[in-house]
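Asks: Quick one: structure below, then a few questions.
The values are calculated or read from the model by the stated rules, or taken from the named source; none is laboratory data. Small disclaimer: the values here were computed from a predicted structure and weren't measured. When we count neighbours, we look across all protein chains shown, and the Cβ atoms used for this are built from the backbone with ideal geometry, even at glycine.
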Amino acid sequence: MKFKSDSVNINFEYLNSFDRKKKSVIMVHGFTGSLENWREISTQLNNKFNYIGIDLIGHGKSDSPVVENKYTQQSVVMTIDDLINYLSIEQAILLGYSMGGRAALCYAVEHPNKLSGLILESSSAGIANAKSRKQRIKDDEELAKLIETEGMGKFVEVWMDKQIFNTQRRFSNEKLNILKKKKLLNTTTGLANSLRGFGTGKMSNISMLFNSIQCPVLLVTGSLDTKFTGLNKQLKQKLKKARHKIILNAGHNTHLEETKKFVKAVNEFLHKF
């Protein structure tokens, strides 16, 4: 299904039967992903909720416009808000992974009254250090140029070979090929502009705005992802109603690497609603 946000066609899908009487969980994928990443997960979660997947701009079946300013932090937040308004949801629960978690957190500080819960998997609040942020912008621009000059095939190889995804090398060749094929469904324009518009370096550091978030928060990281586990230990100290679940034997993508443990953690959190 499609709706328009700032004249861009955005794709979303009900991942189970939608019931207006139930609370809704909106699931937001990471960079190079799509709502398809949540399809199997949604079938294992508490069926007392609606599960709705969204393809962020430049991903999945959503549009990939050439105009870079359609991909900014403000635009991504507006897209999530437009979906919530389009579906007439009074208060949603947002679940976001990596880039999707950053998007969900940005939304939470701007629209705290529209959320009843927040689930952040391997997420961050942006980069505080100006020098580090500048370097990240430079690194993301190099990746964007790689996508445009070498094409999706080369980029996906480079992306999947990054150290942060080392723990996925234990997967079978068949599973790795499936992951690769899913990433290749995205477009060069969409991914390059997503890096330029909403890469971690371009995201403003929002940790000073956490006082506005009053809803319960679940932080999820993998024990093998020491960087994001450390970042989320810091986030827990700043978010009033946050708990941090560390998934053993998982790296950055806990819902992919240790699905049962991820599902158990999320279901325990949802049980409170």
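Asks: Is there any pair with a first residue in segment 131-149 that is part of a helix (DSSP H, G or I) and a second that is surrounded by fewer than 15 Cβ atoms within 10 Å (Cβ to Cβ) and among the aliphatic types (A, V, I, L, M) whose Cβ atoms are under 8 Å apart and which are 6 or more apart or on different chains, and what are they?
Replies: Hits for this filter: 143/158; 146/158.
Asks: From the residues in segment 73-90 that are in contact with a helix residue (DSSP H, G or I) (Cβ under 8 Å, 6 or more places away or on another chain) and within 17 Å of residue 204 (Cα to Cα), which one is surrounded by the fewest Cβ atoms within 10 Å (Cβ to Cβ)?
Replies: 75
Asks: Mind listing just one residue for me: the one in segment 110-130 that is in a helix (DSSP H, G or I) and surrounded by fewer than 18 Cβ atoms within 10 Å (Cβ to Cβ) and, of those, farthest from the chain's Cα centre (by Cα)?
Replies: If we take residues in segment 110-130 being in a helix (DSSP H, G or I) and surrounded by fewer than 18 Cβ atoms within 10 Å (Cβ to Cβ), then 130 is farthest from the chain's Cα centre (by Cα).
Asks: A further question on this structure: Scan segment 96-117 for residues that are under 16 Å from residue 239 (Cα atoms), out of contact with any Leu (no Cβ under 7 Å at 6 or more places or on another chain) and among the hydrophobic types (A, V, I, L, M, F, W, C) and jot them down.
Replies: Passing the criteria: only 106.
Asks: Filter segment 12-27 for residues that are assigned to a strand (DSSP E or B) and touching a Gly at 6+ places or on another chain (Cβ under 6 Å); which is nearest to residue 45 (Cα to Cα)?
Replies: Step by step, filter segment 12-27, then rank; the result is 27.
Asks: Out of all the residues in segment 18-39, which are farther than 17 Å from residue 77 by Cβ and either buried (at least 20 other Cβ atoms within 10 Å of the Cβ) or free of Cβ contacts under 8 Å to residues at least 12 places away in the same chain (or both)?
Replies: Across segment 18-39, the qualifying residues are 20, 21, 24, 25, 32, 33, 34, 35, 37, 38.
Asks: To continue, here is another question. If I ask for residues that are assigned to a loop (DSSP other than H, G, I, E, B), touching a residue at least 12 places away in the same chain (Cβ under 8 Å) and either within 26 Å of residue 129 (Cα to Cα) or touching an Asp or Glu at 6+ places or on another chain (Cβ under 9 Å) (or both), which ones from segment 154-186 would you list? Write out each step before concluding.
Replies: Of segment 154-186, the ones assigned to a loop (DSSP other than H, G, I, E, B) are 161-162, 171-172, 184-186.
Now drop any that are not touching a residue at least 12 places away in the same chain (Cβ under 8 Å), which leaves 184-186.
185, the sole residue that qualifies.
Asks: Further question on the same structure: Can you tell me how many residues in segment 135-161 are basic (Lys, Arg) and touching a Leu at 6+ places or on another chain (Cβ under 6 Å)?
Replies: Summing the residues that are basic (Lys, Arg) and touching a Leu at 6+ places or on another chain (Cβ under 6 Å) in segment 135-161 gives 0.
Asks: Separate question: Which pairs have Cβ atoms under 6 Å, sit 6 or more apart or on different chains, and link a residue in segment 239-259 that is modelled with pLDDT of 95 or more and among the aliphatic types (A, V, I, L, M) to one that is part of a loop (DSSP other than H, G, I, E, B) and buried (at least 18 other Cβ atoms within 10 Å of the Cβ)?
Replies: From segment 239-259, the pairs are 247/258; 250/258.
Asks: Within segment 187-229, which residues are of a type in the set (A, V, I, L, M) and in a loop (DSSP other than H, G, I, E, B)?
Replies: Correct list: 203, 206, 213, 224.
Asks: Search segment 40-61 for residues being more than 18 Å from residue 118 (Cβ to Cβ) and β-branched (Val, Ile, Thr), and hand back the single one that is surrounded by the most Cβ atoms within 10 Å (Cβ to Cβ).
Replies: Top of the filtered list is 57.
Asks: Next question, about the same structure. Across segment 101-156, what is the total count of residues that are within 24 Å of residue 184 (Cα to Cα) and in contact with a strand residue (DSSP E or B) (Cβ under 8 Å, 6 or more places away or on another chain)?
Replies: Here the count works out to 6.
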